[in-house]
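Here it is, the structure, as structure tokens.
The values are calculated or read from the model by the stated rules, or taken from the named source; none is laboratory data. Note that this is a predicted model, so its numbers are computed, not measured. Using ideal geometry, Cβ is built from the backbone for each residue, glycine included, and neighbour counts are taken over all protein chains shown. Each accessible area value is taken on the protein alone, full model and side chains, heavy atoms only, with ligands, DNA and RNA left out. Shrake-Rupley method; radii C 1.70, N 1.55, O 1.52, S 1.80 Å.
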Amino acid sequence: MRISARADYAVRASLELAVRGGAEPVKAEAVAAAQDIPHKFLEGILSDLRRGGIVLSRRGGNGGYLLARAADEITVADVVRAVEGPIVSVRGERPSALAYSGAAEPLLPLWVALRANVRKILEGVTLDDLAHDRLPDPVRQLAEDPAAWHNP
């Protein structure tokens with residue numbers, strides 16, 4: 001599984017807005033500088049996040065971007081879906097839409113289980129959790145497992 005630069009930047013930009021508190025709009029340039037994201041690339045990501053209901057944009061001299069909802073109501077999965085679509089897909093399809101035969105039949109439950117576990121983790125972590133460095137215990141335990149840090 002691969003997390004694209006687009007998804008990583010989207011989560012980082014959303015997190016930057018969450019950390020700043022949301023009272024005043026934040027200019028894209030400020031988000032780009034704070035997170036070391038190419039400004040032009042970020043503009044496209046912010047547009048996707050706006051269309052996905054994650055951020056609001058305000059025009060004008062005091063304009064910029066704000067989270068569309070409270071940070072504790074926006075999951076990492078919400079952000080990733082806004083810029084990438086489905087969390088886990090196989091050849092662009094949701095695993096539940098696939099069919100295999102013969103020796104490949106065991107792949108279907110494997111892909112479904114993978115999707116379910118990735119969703120469980122990403123839907124269980126909010127921007128507020130990240131902003132306050134408090135990953136839910138099951139996620140933190142997985143992250144603290146030494147095997148998780150080593151490539152096989």
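May I ask you to list the residues in the range 1-33 that are open to solvent by 60 Å² or more (accessible area, probe 1.4 Å) and among the acidic types (Asp, Glu)?
ASP8, GLU24, GLU29
Follow-up. Tell me which residues, restricted to the range 106-137, are surrounded by 12 or more Cβ atoms within 10 Å (Cβ to Cβ), closer than 30 Å to VAL55 by Cα and not aliphatic (A, V, I, L, M).
Those that are surrounded by 12 or more Cβ atoms within 10 Å (Cβ to Cβ), closer than 30 Å to VAL55 by Cα and not aliphatic (A, V, I, L, M): ARG115, ASN117, ARG119, LYS120, GLU123, GLY124, THR126, ASP128, ASP129, HIS132, ARG134, PRO136.
Return a yes/no flag: does the range 53-71 have any residue that is at pLDDT 95 or above and at positive phi.
Yes: one or more hits.
Sort out which residues of the range 91-143 are touching a Leu at 6+ places or on another chain (Cβ under 6 Å) and among the hydroxyl-bearing types (Ser, Thr, Tyr), and write them in order of number.
Across the range 91-143, the qualifying residue is only TYR100.
Which residue is most open to solvent (accessible area, probe 1.4 Å), if the candidates are limited to the range 50-67 and must be under 15 Å from the mean Cα position of the chain (by Cα) and farther than 22 Å from ARG134 by Cβ?
Checked the range 50-67; the qualifying residue most open to solvent (accessible area, probe 1.4 Å) is ARG51.
If you don't mind, there's one more thing I want to ask. When both residues are 6+ apart or on different chains and their Cβ atoms are under 9 Å apart, which pairs have a first residue that lies in the range 32-45 and is touching a residue at least 24 places away in the same chain (Cβ under 8 Å), and a second that is open to solvent by 70 Å² or more (accessible area, probe 1.4 Å)?
LEU42/GLU29
Just name the residue that is farthest from VAL118 (Cα to Cα) out of those in the range 57-103 that are among the hydrophobic types (A, V, I, L, M, F, W, C) and in contact with a Pro (Cβ under 8 Å, 6 or more places away or on another chain).
LEU66
Would a scan of the range 33-49 turn up a residue that is charged (D, E, K, R), farther than 30 Å from ALA143 by Cα and more than 12 Å from the chain's Cα centre (by Cα)?
Checked against the condition, which is being charged (D, E, K, R), farther than 30 Å from ALA143 by Cα and more than 12 Å from the chain's Cα centre (by Cα), the range 33-49 yields at least one hit.
Does any residue in the range 91-102 that is closer than 16 Å to ARG81 by Cβ come within less than 6 Å, Cβ to Cβ, of a residue that is surrounded by 13 or more Cβ atoms within 10 Å (Cβ to Cβ) and of a type in the set (Val, Ile, Thr) six or more places away or on a different chain, and which pairs are these?
Filtered contacts from the range 91-102: PRO95/VAL112.
Is it the case that some residue within the range 37-44 is surrounded by 13 or more Cβ atoms within 10 Å (Cβ to Cβ), in a helix (DSSP H, G or I), on the phi < 0 side of the Ramachandran plot and in contact with a Lys or Arg (Cβ under 7 Å, 6 or more places away or on another chain)?
No - not one qualifying residue is present in the range 37-44.
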